[in-house]
Every structure is written in structure tokens, then in C-alpha cells.
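Take a look at the structure below.
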Amino acid sequence: MNSPRPPAAPAACPYLGRADDPATFFLEPHPSHRCHATAPATPVDLPHQRAFCHGDAAACERFIPPDALG
């Protein structure tokens, strides 16, 4: 008998993180989120988070494909 699998976490942009912890993010848009694709990390407004950070990250103007970083 197979054990039920836990639900998969929603996908998010790999550069989305909290201001005080770049490796952690909330599962929904949140005011403490920052874009860590920029230096220094920049605040991200909630509509942008909804559309890109928790949506189509590759369409974001700040997105850099992780494999392009070398």
C-alpha cells in the first residue's frame, strides 16, 4: 500500500525571498518579500509578486535563468 504524498509546494521564482532570509518565502504575495536577483535586494509590490514571483517568473524583467549564472 502506498502512503499518500504530501502536496507539492507551489512554484515560486528562485530569487524570491524574505528581507531577513533570502532562502525563505511565503506561499502567497507578502510585503516582506524581496527580489534577490538584484543587488541590493529590492522590494516587490504585491501585484508584481502575484503575476511573476508566484506566476510566470521567466517573464519578469529581473529574472535571470539560474543556468545562465554559470
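In whole Hz and in residue order, list the ³J(HN,Hα) couplings for the range 30-42 that follow from phi through the Karplus curve 6.51 cos²θ - 1.76 cosθ + 1.60, θ = phi - 60°; x for Gly and Pro.
Computed from phi, the couplings for the range 30-42 are 8, x, 7, 5, 9, 8, 9, 7, 10, 10, x, 4, 10 Hz.
In terms of modelled amide H atoms, which long-range or inter-chain residues lie less than 5 Å from the amide H of Gly17?
Those qualifying (amide H under 5 Å, at least 5 residues apart or on another chain) are Arg34, His36.
Compare the peptides 31-39, 15-23 by average per-residue count of other Cβ atoms within 10 angstrom and give them in order, highest first.
Numbers: 31-39: 16.3, 15-23: 14.8.
Top to bottom by mean Cβ count within 10 Å: 31-39, 15-23.
The numbers here are math on the coordinates, done by the rules we state, and not lab data. Since this is a predicted model, take the numbers as computed values, not measurements. Here the Cβ is made from the backbone with ideal geometry for all residues, glycine too, and neighbour counts use every protein chain on show.
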